[in-house]
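Take a look at the structure below.
Values in this text are rule-based calculations from the coordinates and carry no lab data. Small disclaimer: the values here were computed from a predicted structure and weren't measured. Every residue, glycine as well, gets a Cβ built from its backbone with ideal geometry; the counts of neighbours run over all protein chains shown.
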Amino acid sequence: MLRPKTLFTVFVAAALILAAPLAGEWGGVAQARNSTATAGSKSRADRPGKRAKGKRQVFSGHAVGTATLREEPLEKPSGELWVSSENFKEELRVKLYDENGEFDEESLAKLDHLFRCRRTHEERSVDPRLYETLSRIQDHFEGKQVQLVSGFRFQRNEGSRHYHASAMDIRIKGVSIKNLRAFADSLDPGGMGVGIYPTSGFVHVDFRAPGQPSYRWTDRSRPGSSGKEKGHKRSRRAVRRSPNT
């Protein structure tokens with residue numbers, strides 16, 4: 001007669017022998033399922049057209065060589081200006097020059113007021129070359145009203161030309177921003193910045209700090225993607241890479 005301890009040992013051994021085929025069967029099934037899943041994932045990743053597409057570049061820009069800048073002297077514009085401010089819903093018609101062909105101080109003051117900071121309402125004396133450029137643009141596009149998206153901005157980025165009252169963001173109803181940008185480019189004898197914002201739908205024009213080369217860029221960031229003012233908001237990456245916009 002077998003002892004209880006011996007009986008228990010025999011029982012455990014028999015149970016293990018019976019369970020071995022089942023474990024092998026379930027292990028094989030699990031291994032097969034894992035292999036199938038891995039193969040499926042790999043095949044899906046390798047399928048044509050299923051690879052993750054690279055993100056579209058938000059900002060791209062380059063300095064402009066002197067060989068591509070304007071060589072002919074710029075003609076004096078008519079001085080007729082018709083501008084509307086998108087921020088303040090205000091409209092202004094002025095003559096930039098007085099009877100002697102000099103800048104009309106009253107007109108400059110009115111334009112400075114229209115170009116004031118949207119957030120703080122502070123005013124600065126805007127670079128008058130910007131107003132002459134604005135008049136040339138309006139002359140070229142048959143006197144159509146220019147919509148001012150942003151002028152002077154009292155902001156943290158003190159390197160911005162907006163902060164120095166020498167930049168504007170504009171659009172013209174019925175004129176593509178590509179055509180607007182192209183004409184602004186043609187006015188640059190040196191020291192100007194011109195940027196196009198396809199997503200926001202405007203063109204930036206500025207006069208650089210003395211000694212800085214002309215610059216061109218494209219910014220596709222969405223409005224509201226950074227802490228800047230409405231109509232000129234950009235991603236942090238774009239802000240870091242965009243020089244003095």
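Key figures for this structure:
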item: The stretch 70-241, relative contact order [Cα under 8 Å, separation at least 6], %; result: 17 percent
item: Residue 91 paired with residue 129, simple spin-label distance in nm, labels 7 Å along Cα-to-beta-carbon; result: 3.2 nm
item: For the stretch 70-241, projected area of the alpha-carbon convex hull averaged over all directions, nm²; result: 9.6 nm²
item: Fraction of antiparallel bridges per DSSP, the stretch 70-241 only, in percent to nearest 5; result: 75 percent
item: Extension gain (nm, one decimal) between residue 142 and residue 57, 0.36 nm per residue minus Cα-Cα; result: 27.1 nm
item: Cut-off under 5 Å, modelled amide H: who pairs with residue 193 long-range; result: 206, 207, 208, 215
